[in-house]
Amino acid sequence: MKDVCIRDATAADSAAVLKLCAQLDPNDYMLQAWNLWMGSPGDLQLVAEWRGHFAGCVRAGIIGGSEAFLQGLRVDPERQRLGIGRELMTALDERLRRRGVAAQRAVTSSTNAPALALLASLGWRRVRSVNRRRHPGIVESDLGTALLPSARPPAIDADRLPLVSRRGVAFFGRIYSSGRSSWIAEEWRKGRIVGDGGGWVAIDPLADGPVWIHTLVGEGAAAHTLLGGLLNGEGRGPRREVILEAEADPVFQTILDELGFAARGPAERYAVMEKAP
């Protein structure tokens with residue numbers, strides 16, 4: 001498309017990016033994330049110009065050299081329906097392939113029909129449907145007990161491990177990547193994996209923030225026991241909110257209902273999308 005130019009972002013583009021994000025949504029996480037991304041070596045930030053005017057942006061964070069997590073696709077509303085989003089995604093895909101990235105992933109709301117349609121037209125597929133659920137909280141002293149590591153790293157075939165949610169500069173601070181055995185061993189070393197042979201969960205207690213429970217592994221009964229034991233401690237004191245991301249599986253969702261996890265409706269239902277080479 002001769003009217004569109006896609007190029008690497010520079011520090012001089014930040015003002016235009018932030019202005020666009022604030023225009024689209026005053027609470028956009030990009031308002032805090034973009035400049036952090038620009039200071040992250042090895043990642044990719046692209047911007048689009050239409051006839052010489054700023055028109056949009058996108059970002060890919062590189063994980064372990066072989067995976068990329070895409071986010072932050074934004075297009076100027078005055079220049080939508082000109083194929084700019086497609087051009088940005090296509091250019092990013094070409095750059096990632098040249099780097100040898102084996103898999104690209106992204107997360108979007110399950111109700112974001114335009115984004116889902118764009119990704120599908122570019123060869124992406126849904127690999128997970130995730131519901132984010134919230135619990136009133138866990139007492140700090142109970143959390144300390146729960147974070148005692150299991151006796152040994154979980155014995156699970158990393159090739160069969162579901163995608164894991166880990167920290168990253170993204171919406172609510174989470175991204176998705178493969179759950180390699182090295183990741184399991186590191187989380188266990190930090191005392192963040194709780195469980196036994198029947199099932200386990202990874203717990204990420206953010207400083208001055210919620211406690212994240214993710215990478216829930218095991219049959220329904222094991223999951224119920226693990227989560228129930230974690231949340232029903234006997235400690236006293238201030239409580240910290242617990243946020244859990246779990247497959248949109250009826251068995252797990254029923255367990256979360258029984259344990260008092262609240263759902264906030266369609267706004268917290270997500271599609272994890274993937275594009276393989």
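Just so you know, in the range 133-148 the residues that are assigned to a strand (DSSP E or B) and surrounded by fewer than 17 Cβ atoms within 10 Å (Cβ to Cβ) include one that is modelled with the highest pLDDT, and it is P136. What about L216, is it in contact with a Leu (Cβ under 6 Å, 6 or more places away or on another chain) and within 19 Å of L259 (Cβ to Cβ)? Considered against the rule, which asks whether it is in contact with a Leu (Cβ under 6 Å, 6 or more places away or on another chain) and within 19 Å of L259 (Cβ to Cβ), L216 comes out as no. Within the range 73-100, restricting attention to residues that are at pLDDT 95 or above and hydrophobic (A, V, I, L, M, F, W, C), the residue that is nearest to L163 (Cα to Cα) is L96. Remark: W188 falls outside the filter, which requires a residue to be within 21 Å of D249 (Cβ to Cβ) and of a type outside the set (S, T, N, Q).
Condition check ((1) surrounded by fewer than 18 Cβ atoms within 10 Å (Cβ to Cβ); (2) touching a helix residue (DSSP H, G or I) at 6+ places or on another chain (Cβ under 7 Å)) across all residues:
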{"residue": "V164", "(1), (2)": "no, yes"}
{"residue": "V169", "(1), (2)": "no, yes"}
{"residue": "E187", "(1), (2)": "no, no"}
{"residue": "K190", "(1), (2)": "yes, no"}
{"residue": "G199", "(1), (2)": "no, yes"}
{"residue": "H214", "(1), (2)": "no, no"}
{"residue": "G229", "(1), (2)": "yes, no"}
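When every residue of the range 86-101 is checked against the conditions, at least one turns out to be over 29 Å from R180 (Cα atoms) and either assigned by TED's automatic domain parsing to the domain that holds R264 or free of Cβ contacts under 8 Å to residues at least 40 places away in the same chain (or both). Looking across L31, L36, L20, L46, one residue alone is in the same structural domain as A91 (by TED's automatic domain parsing) and closer than 18 Å to R81 by Cα. It is L20.
Taking the range 191-247 as the range and being without any contact (Cβ under 8 Å) to a residue 12 or more places away in the chain and closer than 15 Å to A146 by Cα as the test, only N232 passes. Look at (1) more than 14 Å from V211 (Cβ to Cβ); (2) loosely packed, with under 15 Cβ neighbours inside 10 Å and you find that I255 fails only one, number (2). Check whether at least one residue in the range 36-55 is more than 28 Å from L163 (Cα to Cα) and β-branched (V, I, T), and report yes or no. Within the range 36-55 (the criterion being more than 28 Å from L163 (Cα to Cα) and β-branched (V, I, T)), the answer is yes, since at least one residue qualifies.
With the structure loaded, tell me whether L46 is within 24 Å of the chain's Cα centre (by Cα), within 29 Å of A102 (Cβ to Cβ) and touching a residue at least 40 places away in the same chain (Cβ under 8 Å) or whether it fails that test.
In short, yes.
Could you tell me how many of the residues in the range 25-54 are assigned to a helix (DSSP H, G or I) and surrounded by 13 or more Cβ atoms within 10 Å (Cβ to Cβ)? So the answer is 7. From the list G72, G65, which residue is in a loop (DSSP other than H, G, I, E, B) and within 19 Å of K275 (Cβ to Cβ)? Testing whether each residue is in a loop (DSSP other than H, G, I, E, B) and within 19 Å of K275 (Cβ to Cβ) leaves just G65.
The values are calculated or read from the model by the stated rules, or taken from the named source; none is laboratory data. Because the structure is a prediction, the values reported are computed rather than measured. Positions of Cβ are backbone-derived with ideal geometry, glycine not excepted, and every protein chain shown enters the neighbour counts.
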